[in-house]
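To start, the structure itself, in C-alpha cells.
The values are calculated or read from the model by the stated rules, or taken from the named source; none is laboratory data. The shown structure was predicted, so the numbers you read here are calculated from the model rather than taken from an experiment. Using ideal geometry, Cβ is built from the backbone for each residue, glycine included, and neighbour counts are taken over all protein chains shown.
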Amino acid sequence: MALVGVTMERPLDSVLDLQKALNELQRADERLHGIPEWMQELHEQHTARKEEIDALEASVEEAASERRLAEGEAQAAQEKLKTYQEQISSVRNQREYGALLQEMDTIKDTIKTLEEQALTALERQEESQTSLGELKEGFQELDERYKAELEKWEAEKPEVAEQVEELKGRIAVLRERIPPSSLSLFERVLERHGGQALAEVRTIERAGRGQQIYSCGTCNYRVRPQAVVEISNSGSIVFCDSCKRILYLDEATG
Ligand SMILES: [Zn+2]
C-alpha cells in the first residue's frame, strides 16, 4: 500500500470506507435508539420486576372487584330476605307459609355463599397487597439504579447524535467518490444482503501444484484470478459472479 501514489484513485477503497461508515452509522443509531449494551442486563431485570409488580397490582384489583361484586350481591339478597320477612305477617295459610320459609332458606344459603366468596376475595386481595408492598420495597433500589443509568445514557446521547451526523456527512462524501453505476449496484446488494455488501476473497491452495484458486468468502463461488489481479492492482470494483457482493482482498491475500 505504501508504494501506491496518493493521487491514484482506488474505487474499492471508497466502497470499503463506505461500508465501514455505514456499519458505524448503524451501531451509532442503535446506541441512540436502542437500549445500550452496558445497561441491557439492568433493563431486562427492571422490565421483569416491573411486569411482576404490574401483574400483582392487577390481581389485587381483580380480587377487590370480585369482593365488591360479591358484597353487592349479598346486600341485594339481604334486601330480598328482608322483604320475605315482612311478608310473613301477611301469609294466609300453611302452604304459603311453607313456600315462603323455603324461599328464605334458599336466600340465606345464597347470602352465606356470597359472604364466603367476598371473604375469600378479601383474603386474596390482602395477600396480594402484602406481596406487592414487599416487591415494591425491593424494587426501589433497582428502580433508582435504573433511573441513574438512564440519565447516564441520556447524557451520552448528544455525543452519539453528533457522531451520527458526522457519519452521514462522511457517507455522502464517499458516495460521490464511487462511480454511479457501481454505487447503485452496491446499494442494491446492500439492501438484498441486510446491509453488508462486501465479501472477502478467499484463497485456497490447490493441492500439489501450489497454484492458488480463489472463492467468494460468503457464497463460496469461484473468483477468477484475473478479477483478483484487478482488485489487487487497481482497486477495481468487482462483483462476485454468483451473489453479486463486492469482492475485496484481505491484506494477506493482496
Ligand atoms: Zn459470492
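Filtering region 92-119 to residues that are outside any helix (DSSP H, G or I) and of a type in the set (Lys, Arg) leaves only 92. Scanning region 34-72 for residues that are assigned to a helix (DSSP H, G or I) and either under 16 Å from residue 153 (Cα atoms) or of a type in the set (Ser, Thr, Tyr) (or both) yields 37, 38, 39, 40, 41, 42, 43, 44, 46, 47, 59, 65.
When 123, 115 are checked against the criterion of being surrounded by 13 or more Cβ atoms within 10 Å (Cβ to Cβ) and more than 34 Å from the chain's Cα centre (by Cα), 115 stands alone in meeting it.
Conditions (1) exposed (fewer than 12 other Cβ atoms within 10 Å of the Cβ); (2) at pLDDT 95 or above; (3) in a loop (DSSP other than H, G, I, E, B), marked per residue:
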| residue | (1), (2), (3) |
| --- | --- |
| 172 | yes, yes, no |
| 176 | yes, no, no |
| 201 | no, yes, no |
| 207 | yes, no, yes |
| 236 | no, no, yes |
| 243 | no, no, yes |
| 250 | yes, no, yes |
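Looking at region 213-224, can you tell me whether even one residue there is among the aliphatic types (A, V, I, L, M) and within 16 Å of the ligand (Cβ to nearest atom)? Yes, the conditions are met somewhere in region 213-224.
Does at least one position in region 84-91 carry a residue that is among the polar types (S, T, N, Q) and in contact (Cβ under 8 Å) with a residue 40 or more places away in the chain? No: zero hits. Entry remark, region 178-199: residues being of a type in the set (Val, Ile, Thr) and part of a loop (DSSP other than H, G, I, E, B) number 1 in total.
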